[in-house]
Amino acid sequence: MTPRLQKLNDLLLKEGLAPVERLNELTIEVKPSEYWNAARKLRDHPDLRFEELLDLCGVDYSTYGDRERKQDRFAVVLHLLSITRNWRLRLRC
């Protein structure tokens with residue numbers, strides 16, 4: 001993990017969000033009922049400031065990969081950008 005990514009990871013952990021790193025990208029997965037609070041925290045927290053939504057998509061995992069999924073079939077995935085900090089983050093619920 002790069003130092004910049006580690007700093008973001010540490011901030012997210014401090015805020016009670018549990019990021020997962022894969023291929024030098026961080027993903028936060030939240031329950032649908034927790035989405036609103038997580039999104040507002042990511043936008044409004046002065047140390048995070050994810051101001052821009054880059055992408056919003058729906059995912060159907062029914063035919064994803066060659067193994068059985070342990071999570072729900074459908075997910076909503078947001079790609080966020082902090083212009084202030086030049087950080088990118090994926091939020092999945």
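Summarising the overall dimensions of the chain from its C-alpha atoms, the Rg and Dmax are 13.5, 41 angstrom.
Only DSSP H runs of four or more residues enter the estimate; each adds -39500 (n - 2.57), and after division by the residues of the chain the mean residue ellipticity at 222 nm equals -7000 deg cm²/dmol.
Element breakdown for the chain at a 1.4 angstrom probe: carbon and sulfur atoms account for 50% of the accessible area.
The values are calculated or read from the model by the stated rules, or taken from the named source; none is laboratory data. All values reported here derive from a predicted model rather than from experimental measurement. Ligands, DNA and RNA are excluded from the accessible area calculation, which covers all protein heavy atoms including side chains. Shrake-Rupley method; radii C 1.70, N 1.55, O 1.52, S 1.80 Å.
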